[in-house]
Structure formats: C-alpha cells, structure tokens
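> Have a look at the structure that comes next, please.
Just so it is clear, none of the values below were taken in a lab; they were calculated from the coordinates. Note that the structure is predicted; figures quoted are calculated from it, not measured. Note: ideal-geometry Cβ built from the backbone for every residue, glycine included; neighbour counts use all protein chains shown.
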Amino acid sequence: MGMRKLVDRGRLLEFMKALGRAADEPSRVYLLGGACALWHGWRSTTLDVNLNIVPDCDAIYRAIPMLKKSLSMNVELVVPNAFLPELAGWQDRSIYIESIGKAEFYHLDFYTQALSKLERSHERDLTDVASMLADGLVEPSKLRLYLDELLPKLYRYPAVDPASFQAAVEAFLEETGA
C-alpha cells in the first residue's frame, strides 16, 4: 500500500476541489481535526483529512478511495457523535469555508471539536483547542454550557468518565486563563 504523505494546506485544497467536482448532488462536507488546523494555520501539516458528509453523497464516497490513492493521503470519515454525544445545533454553528461544485465545505462546529479534543487530551489536541480559544472560535463560557449539555448523555459512552472529563475541561480552561 505504501506510506501516505503528510497533508499540507495546498494538498487539502486540491482534495477539496476534487471532491467538489465529484459531487453530483448538493452536499455539505464538514472538515474537522487536522484539516481545520491546517486551514487556520495552526499546523503546517496533518496526518489525515477527517470529514463528515451530510447528506450522504455516493459520488463523493466513491471518489474518496481514488483520491486517497492519487493524492497519497489518509482520509477518515468521522461522524460528530463518534466519541461524544452530538451537540444540539452543531450544523448551525459549523463555519462555512467555500462552495466547490455542488459541495459546500464547512469547519465542523468548533465546540464539538474542542470537547472531543479535550476528552482525548493529546498534546496536539490541547494545542489546537488553545488556538481555537485564541482565535475566538470557542468561548470558554459557551464551552462550559455545551459540556453541561453533554454530561448527562455520557452514559451511552462508557469509555468516557464524566467526572474526569469535566475536570479535564476545567483544568484546561484554568491553565489557559480562560
């Protein structure tokens, strides 16, 4: 299979243009994780492009394996509720990037991303959340409100300990002076 190359902003844009050309019906493509970090300049490269497509578009799904190969990049499909309960209104809070063909590209709701990253607490994730705060994409008071919305729903996510998660979010906000 061979090693996939790191993705930079130029290759991300090339991928987005190809996906947009492939879309044969109106679809929203939500970027998350490293792709958002690239777009905002928080990182120069990422290992993979994480995305979510709503509604499902078979033409886009069919294009992804070919693009992974031709662009030599990792692409992962991620749904917003994969690791934590879905936050109400996440689609409305997602930030528009641009339209290419029939595809509209968005940054997936930064509150959803921030809470997922804080739950994982990897060093790179914490750096990304600090960048979200610094750029005004996430406000500490709202982040706490969304955390409060999630906590009672975590029983469906046995890998996540609510008390530890809440403590991690509060500790992070305290450390960053938020």
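> Please report the net charge: other residues with Cβ closer than 10 Å to the Cβ of T45, K and R +1, D and E -1. Don't jump to the answer; show the numbers that get you there.
Numbers: positive: K5, R9, R11, R43; negative: D8.
Combined, the nearby Lys, Arg, Asp and Glu give +3.
> Hey, what number do you get for the chain at 222 nm if only DSSP H runs of n ≥ 4 count, each worth -39500 (n - 2.57), divided across all residues, to the nearest 500? Kindly include the intermediate steps, with their values, before the conclusion.
Numbers: 8 runs with 85 residues, N = 178.
It lands at -14500 deg cm²/dmol.
> Spin-label point model (7 Å from Cα, Cβ direction): what's the H40 to D8 distance in nm?
2.2
> Reachable aspartates and glutamates from K69, Cα under 20 Å, same-chain residues fewer than 8 places away excluded?
Filter leaves D8, E14, D48, D58.
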